[in-house]
Amino acid sequence: MKSAIKYSAEVTAAIAVGKPVVALESTIISHGLPRPSNLSVAIECENIVRHHGAVPATIALLDGVIHIGLEAHELEAIANRDDISKASTRDLAIIVASGKSAATTVAATAHIAAIAGIKVFATGGLGGVHRGASETFDESADLTALSQLDMTVVCAGVKSILDVQATLERLETLAIGLVGYKTNRFPGFYLTDSGYQLEHRVDTPAEIAAIIKARTLIGTQFKALVVANPVAVQMPKERHDQILAAGLAKAAAHSVVGKAVTPFLLEHFHSASEGESLAINTEIIKSNCALAAEIAVALI
Ligand code: PSU
Ligand code: MN
């Protein structure tokens, strides 16, 4: 077997000199955003991380090799190739051994980033407990993965397509840390407020860096810290609720299950909102990349 892990030139150089690195996931590029904006958003996100003084490490699997940091042509492959599956942690070894290619979810990205010693990770929204999970058992592997990893994940909370209350309960059970960034309300991805209160609020990257350092002292670092960063301008609530109800009905009518559920509902949002959800989704990722870079810089 070839070497299973390849670092980009930029990430290799950053790690060598102890420069801050921010991990970025790739499922959002291959399965969360439509072409062609997926590639331009991915490039823009990397540049935002650089602009804030850190180095981006977009993580994905190409032809059986785990990539930590993508060269320009590799980022393009993840955005445009048709053979890119969606890999969670359990899929990683299977994809490596079979020489296939995949984008990595939050769970798989955090797993790989932790191997590389990367401490901060930016994404759009976490996976969580799906509606009806008490019947379907559909709970994202993101939650259990994050309960075992030394990682700080910046996200805009969880999408309203999920059961937000149940997800918050599971985050508590799994001892995953949770703070709101400049908010006391848990954000709901497209919405700045999912309707749930947060116990802890932070207002600066330095405060978050102090929490990360305290975790290591106390020995609670191997359970992720989630930084919930609300989008500045939310989708009008009524429109959001209408689109969501139609999307959930459509998913049920088409018997969409398993890992197809999240991409299906995201696609529904993008087409039904005629690009509004896409614009918000893009803002969310960009803002999370900026904050993640600031946290990584504050940690040095
Ligand atoms: N949030 C987004 N876009 C996405 C995802 C989350 O805004 O594309 C992806 C992430 O990769 C997350 C995954 O880890 O969906 C969760 O999928 P599932 O519900 O199948 O675990
Ligand atoms: Mn699922």
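The values are calculated or read from the model by the stated rules, or taken from the named source; none is laboratory data. Just so we're clear, the structure is a prediction, and the values are computed from it rather than from any experiment. Methodologically, a virtual Cβ is constructed for each residue, glycine included, from the backbone with ideal geometry; neighbour enumeration extends over all protein chains shown. These accessible areas exclude ligands, DNA and RNA; they are computed on the full protein's heavy atoms, side chains included. Shrake-Rupley method; radii C 1.70, N 1.55, O 1.52, S 1.80 Å.
What to note about this one:
- Considered as a group, the residues in the range 259-298 that are within 16 Å of ligand 2 (Cβ to nearest atom) and free of Cβ contacts under 8 Å to residues at least 24 places away in the same chain include one that is surrounded by the most Cβ atoms within 10 Å (Cβ to Cβ), and that residue is Phe264.
- One residue stands out in the range 90-124 among those that are in a loop (DSSP other than H, G, I, E, B) and open to solvent by 10 Å² or more (accessible area, probe 1.4 Å): the one that is nearest to ligand 1 (Cβ to nearest atom), namely Thr105.
- Condition met for Ile211 (surrounded by fewer than 20 Cβ atoms within 10 Å (Cβ to Cβ), β-branched (Val, Ile, Thr) and out of contact with any strand residue (DSSP E or B) (no Cβ under 6 Å at 6 or more places or on another chain)): yes
- Among the residues of the range 138-157, those identified as open to solvent by 30 Å² or more (accessible area, probe 1.4 Å) and more than 9 Å from ligand 2 (Cβ to nearest atom) are Thr144, Gln148.
- The range 238-258, residues that are within 16 Å of ligand 2 (Cβ to nearest atom), open to solvent by 20 Å² or more (accessible area, probe 1.4 Å) and in a helix (DSSP H, G or I): Leu248, Ala252, Gly258
- Assessment of the range 79-89 against the conditions (open to solvent by less than 20 Å² (accessible area, probe 1.4 Å) and more than 16 Å from ligand 2 (Cβ to nearest atom)) yields at least one matching residue.
- If you go through the range 1-45 and keep only what is open to solvent by less than 30 Å² (accessible area, probe 1.4 Å), more than 21 Å from Leu126 (Cβ to Cβ), in contact with a Leu (Cβ under 8 Å, 6 or more places away or on another chain) and not polar (S, T, N, Q), you end up with just Pro20.
- Pairing residues of the range 125-154 that are among the acidic types (Asp, Glu) with residues that are within 14 Å of ligand 2 (Cβ to nearest atom), at Cβ distances under 6 Å and at least 6 apart in sequence or on separate chains, gives Asp138/His130; Glu139/Val129; Glu139/Ala133; Asp142/Val106; Asp142/Ala107; Asp142/Leu126; Asp142/Gly127.
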